[in-house]
1. What does the charge count around ASN162 come to, taking other residues whose C-beta lies under 14 Å from its C-beta (Lys +1, Arg +1, Asp -1, Glu -1)?
2. Taking the chain on its own, what percent of its Cα-Cα pair distances exceed 28 Å?
3. Below 8 Å, C-alpha to C-alpha, sequence gap of six or more: please give me the relative contact order for the chain in percent.
4. Given LEU128, LEU55, ASN162, which one lies farthest toward the positive end of the charge dipole of the chain, if we put +1 on the Cβ of every Lys and Arg and -1 on the Cβ of every Asp and Glu?
5. How much accessible area per residue does the chain have, in Å², with a 1.4 Å probe?
6. Just the number, please: carbon plus sulfur as a percent of the accessible area of the chain, 1.4 Å probe, no ligands or DNA/RNA counted.
Amino acid sequence: LGDTNTAVVNLGQAIKVAETNGDTSSLVRWLTLFGHGFVELGRPEQAFDFYERALKVAHTVPELQMPFMTLVGKADALARVGRLDEAEGLVRTTLVEAAKEGSLGYQAELTVRLASIAAARKQTNQALEALSRAAEFAKAAGGNRILATIGLERGRLLRGANRPGDAEGAYR
């Protein structure tokens, strides 16, 4: 709702409670959300500490599910600071794990990240191909929100490639 000060205080309190109670999965989640917040506020450098801490905590409990949300966030932060090769490596490694777990939603999210990395490198055709693959994962997962994101991104890329006719169809 735009009240970042209250959000920071509340999230900080949630982290303390999770630490006190030994609630590892909640701690990973709250640390990850802190990282996401810094990325969204345009301060990705500060997000790394939270993502690394979340990953470290997650690895202390082998029974926990793979922290996909944390890894996606870290990849976003890496890309935002221009560390595209690192971001791509992390996305590809995480994509393999998501496929092993049959997580279609995360496969879609991660493939969108590959498209964003390709777009940042001015590799429009590769970005569009990645978005097509992401759309297949999203459709299989029933992910309408990610499909909308994919359509918007396809339209943006096609407009940037001076293909306005194709861009208009990307939103349907």
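The values are calculated or read from the model by the stated rules, or taken from the named source; none is laboratory data. Nothing here was measured: the structure is a model prediction, and the numbers come from that model. Cβ atoms come from the backbone with ideal geometry, glycine included; neighbour counts cover every protein chain shown. Keep in mind that these areas ignore ligands, DNA and RNA; they rest on the heavy atoms of the full protein, side chains included. Shrake-Rupley method; radii C 1.70, N 1.55, O 1.52, S 1.80 Å.
1. Values: positive: LYS122, ARG156, ARG159, ARG163; negative: ASP166, GLU168.
So the environment of ASN162 carries a net charge of +2.
2. On the way: 4241 of 14706 pairs.
Of all Cα-Cα pairs in the chain, 29 percent lie more than 28 Å apart.
3. Working: 200 pairs, mean separation 20.8, N = 172.
For the chain, the relative contact order is 12 percent.
4. Of the options given, the answer is ASN162.
5. On the way: 9740 Å² over 172 residues.
So the chain comes to 57 Å² accessible per residue, rounded to a whole number.
6. Numbers: 5050 of 9740 Å².
Ligands and nucleic acids excluded, carbon and sulfur reach 52 percent.
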